[in-house]
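Each value in this text was obtained by applying a stated rule to the coordinates, not by laboratory testing. Quick caveat, the model's predicted, so the values are computed rather than measured. Note that we place each Cβ from the backbone using ideal geometry, even for glycine, and neighbour counts take in every protein chain shown.
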Amino acid sequence: MNPETPLTIGETLRLATGWLAGKGIPSARLDAELLAAEVCGIRRLDLFLSPERPLTPGERAHLRELLRRRARGEPVAYLLGRKEFYGLEIRVTPAVLIPRPETESLVDAVLDRVGSGAGPHPRIVDVGTGSGAIACALASRIPEAEILGVDLSEAALEIARENGRRLGFGDRVRWARSDLLEAVPPDPPWDVVVSNPPYVAETERESLDPGIRDFEPPEALFSGPEGVDHLRRLLPQALQRLRPGGSLVVETGSTVQRQRARALVSASFPAESVVEVRDPSGHPVGLAARTSMQEEVVHGR
Ligand code: GLN
């Protein structure tokens with residue numbers, strides 16, 4: 001691009017798409033649109049209402065920088081600093097995992113479960129809350145719930161807090177630093193423990209999408225040789241903190257990892273209570289289980 005000639009939005013999109021595609025970016029057109037809209041300060045669909053509008057030199061320089069970073073594999077959500085999750089705009093930085101659409105099904109599974117027997121103010125804890133996406137989505141749907149988001153990372157909690165504040169949840173969602181549930185008192189008991197824990201096996205590191213491996217926080221991704229170290233530690237902690245008939249809802253990884261996860265969950269929770277959480281197209285994304293209804297049995301474990 002000759003820096004002297006002003007480029008219109010239409011021309012810019014064409015050039016940027018071709019350039020990104022040439023760098024091997026599969027979603028070149030969409031990414032070019034998102035980044036162009038960002039630098040122009042307009043919504044993506046508004047690009048098509050003003051294809052003749054020229055970019056200012058400042059916008060063009062900004063776009064060039066974003067396109068370079070995208071070509072190196074940096075995820076668009078980090079370039080924009082936000083990602084939509086459950087209809088909410090969630091702020092993200094490289095300190096947190098980018099919320100994924102499949103995780104929305106975990107939120108749905110929790111919503112299904114709080115209906116039954118949780119009382120007027122269901123108590124829900126989101127373990128490894130990261131950006132706070134799950135906790136915020138639940139707060140948006142269950143105004144009367146008491147929600148706690150915990151994470152080991154202070155940097156992540158800062159983002160989560162900002163998301164809770166910006167989305168207007170105030171005191172309805174609290175945030176705390178905790179290694180899984182270690183710092184979370186068992187009393188009063190919880191109705192739901194939900195978590196999208198790190199679940200990538202170390203052995204999968206090399207085959208992982210470089211956009212994920214090189215840019216997302218490793219502590220949010222990896223969980224020991226088989227990808228179940230966090231889950232294994234979480235299970236007894238969750239059992240101690242759930243009320244009788246309370247629910248665990250966790251995201252799991254690939255098929256092999258999900259089988260391991262299922263065996264672990266079934267060994268801790270009543271095996272007949274363990275079910276798969278599926279996305280709207282029926283693809284399994286996680287597991288849910290319920291503690292036994294009799295208090296003695298739960299506490300006797
Ligand atoms: N709970 C956050 C999410 O689902 C972060 C999960 C993580 O960091 N493993 O997006």
### Query
Gaussian network model of the chain, Cα springs within a sub-10 Å range: biggest mean-square fluctuation belongs to which of 210, 99, 280?
280
#### Entry: Per-residue Cβ neighbour rank within 10 angstrom, fewest leading, 65, 74, 144
144, 65, 74
### Query
Near residue 96, within a Cβ-to-Cβ distance under 11 Å, what is the net charge of the other residues, with Lys and Arg +1 and Asp and Glu -1?
-3
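Compute the FRET efficiency between residue 100 and residue 206 as 1/(1 + (r/R0)^6), taking r as their Cβ-Cβ distance and R0 = 22 Å, and round to the nearest 0.05.
The formula returns an efficiency of 0.55 here.
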### Summary
Answer in debye to the nearest 20: the dipole magnitude of the stretch 1-153 about its Cα centre, from +1 Lys/Arg and -1 Asp/Glu charges placed on Cβ, is 480
### Query
Put +1 on the Cβ of each Lys and Arg and -1 on the Cβ of each Asp and Glu in the stretch 155-227; which of 178, 197, 211 then has its Cα farthest toward the positive end of the dipole?
178
## Note on the structure
Yeah, the stretch 1-67 with a ≥ b ≥ c from its alpha-carbon gyration tensor (a/c under 1.5 is rounded, else prolate when a/b outruns b/c, oblate otherwise) is oblate
### Task
Could you list the residues of the stretch 46-74 with an amide nitrogen less than 15 Å from a label point located 7 Å from the Cα of residue 5 in the Cα-to-C-beta direction?
54-55
## Note on the structure
Cβ density ranking, 10 Å radius, fewest first, applied to 12, 129, 17 yields 17, 12, 129
### Task
Determine the gain in length on full extension of the stretch residue 219-residue 141; use 0.36 nm per residue of separation and subtract their C-alpha separation, reporting nm with one decimal.
25.2 nm
### Message
Looking at the chain as a GNM with Cα springs under 10 Å, which of 174, 205, 91 has the largest mean-square fluctuation?
### Response
205
### Task
Please list, in chain and number order, the residues 5+ apart from residue 90 or on another chain whose amide H is under 5 Å from its amide H, with Hs placed from the backbone.
83, 84, 85
### Task
State to the nearest 20 debye the size of the charge dipole of the chain about its Cα centre, where the only charges are +1 on K and R beta carbons and -1 on D and E beta carbons.
320
## Note on the structure
Spelling it out for residue 50: with amide H atoms placed in the peptide plane at 1.01 Å from N, the residues 5 or more places away or on another chain with amide H under 5 Å from its amide H are none
### Cα-centre dipole for the stretch 1-79 with unit charges at Cβ (Lys and Arg positive, Asp and Glu negative), debye to 20
260
### Task
With 10 Å bins from zero, work out the P(r) of the stretch 208-301 over every alpha carbon pair and list the percent per bin.
15, 43, 30, 10, 2
### Message
In the stretch 1-71, if the dipole is taken from +1 on Lys/Arg beta carbons and -1 on Asp/Glu beta carbons about the Cα centre, which of 61, 21, 49 is farthest to the positive end?
### Response
21
#### Entry: Gain on full stretching of the segment that runs from residue 30 to residue 165 - 0.36 nm per residue minus C-alpha separation
45.6 nm
### Computed over the chain, Cα set: Rg, Dmax in Å
21.7, 77
### Query
What shape does the stretch 145-268 have by the C-alpha gyration tensor, where a ≥ b ≥ c are the square roots of the eigenvalues, rounded means a/c under 1.5, and otherwise prolate means a/b greater than b/c and oblate the rest?
oblate
### Query
So which trypsin sites (Lys or Arg not before Pro) in the stretch 1-60 pass both tests, a DSSP loop state and at most 10 other Cβ atoms within 10 Å of the Cβ?
43
### Query
Got a sec? Charge dipole of the chain, +1 on Cβ for Lys and Arg, -1 for Asp and Glu; which of 79, 275, 35 is way out at the positive end?
35
### Message
Given the DSSP H assignment, sum -39500 (n - 2.57) over each helix run of at least 4 residues in the chain and divide by its residue total; what's the result at 222 nm in deg cm²/dmol, nearest 500?
### Response
-11500 deg cm²/dmol
### Overall form of the stretch 147-200 per C-alpha gyration tensor (a/c, 1.5; a/b vs b/c)
oblate
### Potential extension, residue 152-residue 46 segment - 0.36 nm per residue separation minus Cα distance
34.1 nm
### Summary
the chain: antiparallel bridges as % of DSSP beta bridges, rounded to 5, reads 40
